[in-house]
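Just below is one structure, and these are the notes that go with it.
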Amino acid sequence: MIETLQVLVVEDSEDDCELLLRALRAGGYDPQWERVDSAQSLSRALKIGHWDIVLADYTMPSFRGTDALAIIRERDPDTPFIFVSGTIGEEVAVQAMRAGAQDYIMKGNLKRLVPAVDRELHEAEVRRDHVRVEAAQRVAEERFRNVLTMAPDAVICIDGGQRIVTFNRGAEQIFGYRWGEVIDQPLDMLLPERYRGAHQAHVAEFGRSTQSARSMAERMEVRGLRKNGQEFPAEASISRLTDEIGTTFTVILRDITERKRTEQELRLLQTTIQAAGQASDMHAALAVALNMICQATECVLAQAWVPCADGGTLECSPAWHCSVPGGEAFRATSVSCAYKEGDGLPGRTWATRAVQWTEDAAREFDPHREKVARQVGLGAAVGVPVLAGENVVAILELFPGEARAKDDRLVHLLRGVASQLGAVIQRKRAEDRLNYLAHYDVVTGLPNRVLLADRLKQAIAEANRHRRPLGVMLLDLDRFKTINDSLGHGVGDLLLQRVAERLVRCVREGDTVARLSGDEFTILVVDLAGANDAIPVARKVLDALAKPFHVSGHELFATGSLGMTLYPADADDADALLRNADIAMYRAKERGGDGFEFFSAEMGGKANERLSMETALRHALDHDEFVLHYQPVVDLESGRILGVEALVRWRHPKRGLVPPLEFIPVAEETGLISRLGDWVLSAACQQYADWGLPAGTGLRLAVNVSPPQFQDLDLPSRIVAIANRTGFDLSLLELEITESCLMQNRDSTIAVLERLSAMQVQFVIDDFGTGYSNVSYLKSLPIARVKIDRSFIRDIPQDANDVALASAIISMAQALGLEVTAEGVETRAQLKMLKDRRCGAGQGFLFSRPVPSEEVARLLTQGDIDLGGNGC
């Protein structure tokens with residue numbers, strides 16, 4: 001393979017030049033050449049070209065070869081230079097080699113030319129590689145020096161005697177020393193005195209290894225000592241290198257002051273919030289927070305301010321902490337103060353809802369407390385708002401020692417504590433609210449059934465201890481439902497509040513007035529001398545109710561029926577007492593109301609029948625005696641089965657199937673309806689899944705929900721659990737609720753409606769037209785359809801009034817965008833009338849009687865119901 005060669009020939013003879021070129025070509029080179037014979041021409045050639053090798057005659061008439069060599073070497077010391085001459089002697093050749101020539105060849109022996117060129121070209125490449133390596137090494141060393149210099153960590157090298165030999169810029173910044181102050185000084189100067197002996201022993205042990213190089217895998221936490229005498233936490237690693245020069249230890253150290261401070265602040269936040277969360281109330285939580293903040297910071301005094309009950313001013317909370325002499329005087333002055341928004345440090349913090357910093361409390365505080373702050377020696381002051389949601393619930397006022405400018409890090413820490421503290425207080429308020437709701441009636445503020453039970457239990461214990469009877473009275477307002485339905489729940493609730501106020505004024509401080517539900521109140525009268533002592537109380541109650549109530553511009557009368565029972569004469573436990581009072585109350589109501597009755601044994605007969613039914617119902621629930629039947633809901637145009645309604649039946653072991661009208665009222669009265677309703681929901685969803693309907697069938701499942709069940713805020717969660725357990729698609733579930741259910745406890749009703757609606761559950765108003773619902777209120781609710789009560793369907797088309805009512809309901813529902821289902825459709829004439837009025841769906845014996853679960857699949861496989869044929 002021919003190799004191109006850039007050749008510069010220094011020769012005055014063209015013939016000799018041609019001989020050289022010929023020899024090179026014969027040796028496998030393709031010379032690209034130029035001949036020069038003077039210093040000028042040589043310099044010009046060097047400027048315009050790059051030459052691989054120079055071949056020069058030693059002796060020329062006007063230019064010497066040694067001069068050419070000098071010019072070449074001045075320009076490029078590595079370009080191969082070979083003398084080719086016929087006059088050079090051995091002594092001269094040696095001198096030429098010393099001057100920088102690589103070789104000399106006699107013109108008469110050009111056989112050596114090509115080998116010499118091969119050799120010198122190779123050696124020149126080796127020299128150039130070496131130069132490149134050295135240059136790269138110099139660059140790498142310079143880069144390492146720059147990295148070492150600029151590294152933020154301290155890099156410190158010490159010799160075998162533990163004296164410092166390297167100290168980078170990072171070390172200067174961390175320790176505060178300049179390089180010249182520490183070189184050749186012992187490393188001990190960078191360590192607190194108490195750690196120096198252990199460090200020397202550690203390094204000595206580390207240096208005993210026989211390995212030439214060794215590093216410690218783990219990083220250690222150590223303490224460093226700055227030039228100003230300040231200690232600081234650090235993280236360090238150490239390595240050792242032993243070579244011919246000696247042993248060198250390299251320490252790489254990182255200042256972890258900020259990290260440790262952050263960890264300390266996080267621990268403060270965690271411990272403060274944990275302790276505050278365990279506090280009994282808001283003031284206790286504030287006290288815990290202030291105490292821990294002062295322990296973890298430089299704050300010498302801290303207190304809290306809270307809004308007064310009227311919300312117009314701030315007053316001192318009982319929570320405070322002090323570690324400065326004389327702080328009690330400042331505290332006493334603070335307790336006597338009340339701040340409005342913008343007034344003083346607490347007021348400014350309250351108004352801005354942001355941290356406020358005062359550099360010197362003795363000069364820039366407020367006129368109320370400046371003097372005493374100066375006497376106590378307080379310096380800087382900081383106000384921090386504590387927010388629970390959007391509301392300022394407290395102001396933390398802290399004094400971090402001497403006067404100074406704003407400490408951003410302390411402010412950041414206090415803001416974090418206040419934020420978490422606000423969340424704790426908000427949670428505590430929610431817990432207090434839940435506890436209140438668990439024990440008190442929301443409308444009247446009276447104790448509810450739970451708290452009454454606890455007080456009744458305590459009262460019985462006291463009655464036994466002092467051998468004094470107690471009385472339990474159950475009051476039911478006469479005709480309250482009429483007032484509530486005609487004037488609305490708002491007026492009804494206000495009336496209940498007025499009644500509660502009067503009842504409380506009728507009893508002594510140790511007695512209890514409770515609201516059980518609806519318009520029922522219980523009065524617990526303790527420490528009676530005898531049975532007759534309860535009579536004046538009863539009369540006082542009835543007299544108080546006899547006076548008119550003025551509510552929202554209405555003059556209302558709310559007489560009551562009162563039943564009374566005594567402990568221990570009538571019963572020896574709380575449940576029996578309440579049951580007896582209930583029986584006596586119903587007797588008073590049966591006699592026309594506005595009166596009272598004492599319980600007697602003869603009253604228990606009828607109650608016992610109801611109790612027997614209740615017991616049997618509980619047994620039925622416990623022993624799976626209930627079954628579900630399903631009645632289809634049919635599209636009145638196509639005959640397609642749109643859905644089925646689940647109807648509960650009681651399979652009594654002796655009486656057979658018991659219809660709902662016999663046991664549902666008792667279940668509602670006794671509170672078993674919610675438990676029964678949950679069973680119906682669960683069983684219906686499971687049986688629906690068992691039918692194995694094809695995907696996309698879209699068959700809706702309707703389940704009736706009672707008012708107590710629907711007002712239970714846990715109902716959505718239970719429905720989700722049932723759906724998850726059975727695999728039921730909630731978008732196919734319809735919950736049937738009555739108008740009266742919607743009108744009770746609107747807030748909780750709307751909450752349940754919205755939660756279930758978000759799960760795609762649909763709602764149907766059952767027995768529509770029989771209640772007193774407000775149309776505009778219904779329009780605002782997520783109702784999908786209404787069911788016309790069977791009482792309006794039974795006598796159509798013969799009864800013109802029922803036809804008009806049914807038509808009006810259909811028209812109104814359609815105007816509200818609601819679908820309509822007619823209940824109790826039993827004749828072709830009823831069907832025709834409903835279709836003519838564009839009623840969408842129907843349900844009744846005309847289409848199918850309720851059938852057991854196992855027959856539903858057969859019913860569905862029969863296809864659409866023939867609305868025009870023999871089937872209907």
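The values are calculated or read from the model by the stated rules, or taken from the named source; none is laboratory data. Note that the coordinates shown come from a computational prediction; the quantities given were computed from them, not determined experimentally. Cβ placement follows ideal geometry from the backbone for every residue including glycine, while neighbour counts extend to all protein chains displayed. Areas reflect the complete protein model, heavy atoms only, side chains present, ligands, DNA and RNA absent. Shrake-Rupley method; radii C 1.70, N 1.55, O 1.52, S 1.80 Å.
Would you mind stating whether Glu662 is assigned to a helix (DSSP H, G or I) and surrounded by fewer than 20 Cβ atoms within 10 Å (Cβ to Cβ)? Can you show your working first?
Numbers: assigned to a helix (DSSP H, G or I): yes; surrounded by fewer than 20 Cβ atoms within 10 Å (Cβ to Cβ): yes.
Here the answer is yes, as Glu662 does meet what is asked.
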- Across the stretch 813-848, what is the total count of residues that are farther than 19 Å from Lys779 by Cβ, of a type outside the set (D, E, K, R) and not in a loop (DSSP other than H, G, I, E, B)? 9
- Those residues that are in contact with a Cys (Cβ under 7 Å, 6 or more places away or on another chain) and open to solvent by 20 Å² or more (accessible area, probe 1.4 Å), I need them from the stretch 701-725; list them, please. Pro707
- Name the residues in the stretch 371-400 that are farther than 23 Å from Gly422 by Cβ and charged (D, E, K, R), would you? Lys371, Arg374
- Query: If Leu556 satisfies every condition in (1) open to solvent by 20 Å² or more (accessible area, probe 1.4 Å); (2) more than 29 Å from Thr670 (Cβ to Cβ) but one, which is the exception?
  - Reply: (1)
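Considering the stretch 316-334 alone, what residues qualify as being over 17 Å from Gln375 (Cα atoms) and either in contact with a Pro (Cβ under 6 Å, 6 or more places away or on another chain) or surrounded by fewer than 18 Cβ atoms within 10 Å (Cβ to Cβ) (or both)?
First, the residues of the stretch 316-334 that are over 17 Å from Gln375 (Cα atoms): 316-321.
Within the stretch 316-334, Pro318 is the sole residue that qualifies.
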- Task: Restrict the check to the stretch 41-57 and report whether at least one residue is touching a residue at least 24 places away in the same chain (Cβ under 8 Å), over 17 Å from Gln6 (Cα atoms) and surrounded by 15 or more Cβ atoms within 10 Å (Cβ to Cβ).
- Result: yes
- Message: Would you confirm whether or not the stretch 570-578 contains a residue that is in a strand (DSSP E or B) and either open to solvent by 10 Å² or more (accessible area, probe 1.4 Å) or touching a Leu at 6+ places or on another chain (Cβ under 7 Å) (or both)?
- Response: no
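Residue by residue through the stretch 293-308, note down the ones that are modelled with pLDDT of 85 or more and of a type in the set (A, V, I, L, M, F, W, C).
Applying the first criterion (modelled with pLDDT of 85 or more) to the stretch 293-308 yields 293-294, 299-308.
Selection gives Ile293, Cys294, Cys299, Val300, Leu301, Ala302, Ala304, Trp305, Val306, Cys308.
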- Here are some conditions: (1) closer than 30 Å to Leu290 by Cβ; (2) touching a residue at least 40 places away in the same chain (Cβ under 8 Å). Tyr436 meets all but one. Which one does it not meet? (2)
- Query: Taking into account only those residues within the stretch 812-852 that are small (Gly, Ala, Ser), open to solvent by 20 Å² or more (accessible area, probe 1.4 Å) and in contact (Cβ under 8 Å) with a residue 24 or more places away in the chain, which is farthest from Ala684 (Cα to Cα)?
  - Reply: Ala829
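Pick out, from the stretch 443-542, the strands (runs of 3 or more DSSP E) lying fully within it that include 2 or more residues that are surrounded by fewer than 20 Cβ atoms within 10 Å (Cβ to Cβ). Before the answer, list the steps.
Values: elements: 470-477, 512-517, 520-525.
Of the strands (runs of 3 or more DSSP E) lying wholly inside the stretch 443-542, those with at least 2 residues that are surrounded by fewer than 20 Cβ atoms within 10 Å (Cβ to Cβ) span 512-517.
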- Query: Would you pick out the residues in the stretch 543-553 that are surrounded by 14 or more Cβ atoms within 10 Å (Cβ to Cβ) and either part of a loop (DSSP other than H, G, I, E, B) or not aliphatic (A, V, I, L, M) (or both)?
  - Reply: Phe549
- Message: Checking the condition among the hydrophobic types (A, V, I, L, M, F, W, C), out of contact with any Lys or Arg (no Cβ under 7 Å at 6 or more places or on another chain) and either at positive phi or in a helix (DSSP H, G or I) (or both), which residue from Leu421, Leu378, Leu396 passes?
- Response: Leu421
- Residues located in the stretch 707-748, provided they are over 30 Å from the mean Cα position of the chain (by Cα) and either basic (Lys, Arg) or at pLDDT below 85 (or both): Pro707, Pro708, Gln709, Thr738, Glu739, Ser740, Cys741, Leu742, Met743, Gln744, Asn745
- Matching residues in the stretch 316-338 (within 17 Å of Val384 (Cβ to Cβ) and out of contact with any Ser or Thr (no Cβ under 6 Å at 6 or more places or on another chain)) number 5
- Message: Against the definition (touching a residue at least 12 places away in the same chain (Cβ under 8 Å), out of contact with any Ser or Thr (no Cβ under 7 Å at 6 or more places or on another chain) and either outside any strand (DSSP E or B) or surrounded by 21 or more Cβ atoms within 10 Å (Cβ to Cβ) (or both)), how does Ala584 come out, yes or no?
- Response: no
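Quick grid of which residues meet (1) open to solvent by 50 Å² or more (accessible area, probe 1.4 Å); (2) under 18 Å from Leu410 (Cα atoms); (3) at pLDDT 90 or above; (4) in the same structural domain as Ser323 (by the TED database):
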position	(1), (2), (3), (4)
Glu341	yes, no, yes, yes
Arg348	yes, no, yes, yes
Ala354	no, yes, yes, yes
Arg363	yes, no, no, yes
Glu370	no, no, no, yes
Val386	no, yes, yes, yes
Gly389	no, no, no, yes
- Is there a residue being in contact with a Gly (Cβ under 6 Å, 6 or more places away or on another chain) and surrounded by fewer than 21 Cβ atoms within 10 Å (Cβ to Cβ) anywhere in the stretch 303-315? no
- Options Val393, Val424, Val376: the member that is closer than 20 Å to Cys337 by Cβ and open to solvent by less than 10 Å² (accessible area, probe 1.4 Å): Val393
- Task: Mind listing just one residue for me: the one in the stretch 784-809 that is in contact (Cβ under 8 Å) with a residue 12 or more places away in the chain and in a loop (DSSP other than H, G, I, E, B) and, of those, most open to solvent (accessible area, probe 1.4 Å)?
- Result: Arg794
